[in-house]
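Structure record follows, encoded as structure tokens.
Where a number appears in this text, it was derived from the coordinates with a stated rule and is not lab data. Keep in mind that what you see is a predicted model, and the values were worked out from it rather than measured. No Cβ is skipped: glycine too gets one built from the backbone with ideal geometry, and neighbour counts run over all protein chains shown.
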Amino acid sequence: MAKVKMAKKATSIDMTAMCDVAFLLLTFFILTATAKQPEPLPVDTPNSTNQTKLPDSDLATITIGQKGKVFFGVTGRDLRVSTLEMMAQKYNVTFSQEDKDKFALIENFGVPIENLKQVIDMKAADRNLENVQPGIPKDSLNNQLADWIQYARRAAIDNHNVELTIAIKGDAKEEYPEIKKVMDILQDQKVNSFNLVTGLRGKDF
């Protein structure tokens, strides 16, 4: 008896549901994503074949560039506000609650604390313009950078009970004495372990 051949039918998959899910996910990520703010002091970090991932919290970054100009930043809004409050008390500068809320959103800054309020009141785009922020003083007569580091470390212990991780992000063309000044400030506070931020390159270079 001859076998009955079944007619082959073309298979099709309804992709409507998958397209809906894809667009929903895309919309979700677009709406919840935070745009990365441009750096107020852009630097070209030196290359390295090895990289160590920096923590996402309890991290202080010291950026050095443009012939010794220094910027400072701390991750975590609560740490920023606590550090600002201690600096304000030491230098007898008054910041309103609105000033503190705005400062909590600023990732990096480079201005003497006497002029910090003016920078806080600026729009983010204006704040990041060239030569708006002259850098944090770090000389022997006015070493505000040392105080920012000290109070940020204290804020990390008071708020999170952890030791603050410190990273130095220096421009590849920056002269070594300027980098050493920052290292000396850290060592004066007995901070002998810190990270140097570098760019990753291939081992065959």
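A simple spin-label model places the labels of Q97 and K53 3.8 nm from each other, with each point 7 Å out along Cα-to-Cβ.
Near the amide H of N143, within less than 5 Å, lie no amide hydrogens of residues on another chain or at least 5 residues away, with H placed in the peptide plane. How would you classify segment 127-175 from its alpha-carbon gyration tensor, with a ≥ b ≥ c the square roots of the eigenvalues: rounded for a/c under 1.5, else prolate if a/b is greater than b/c, otherwise oblate? The shape class here is prolate.
When each of the peptides 94-101, 70-77, 113-120, 164-171 is scored by the mean number of other C-beta atoms lying within 10 Å of its residues, the order from highest to lowest reads 70-77, 164-171, 113-120, 94-101. Projecting label points 7 angstrom from Cα along Cα→Cβ for N192 and I30 puts them 5.4 nm apart.
Counting every other Cβ atom within 10 Å of each residue's Cβ, S57, S82, S193 order from fewest to most as S193, S57, S82.
The reciprocal of the average 1/r between distinct C-alpha atoms defines the Kirkwood hydrodynamic radius, which for segment 79-200 equals 15.6 Å.
Working from label points 7 Å from Cα in the Cα-to-Cβ sense, the A172 to E114 distance is 3.8 nm. For L196, the residues whose amide H sits under 5 Å from its own are I168, ignoring neighbours fewer than 5 places away on the same chain, with H placed 1.01 Å from N.
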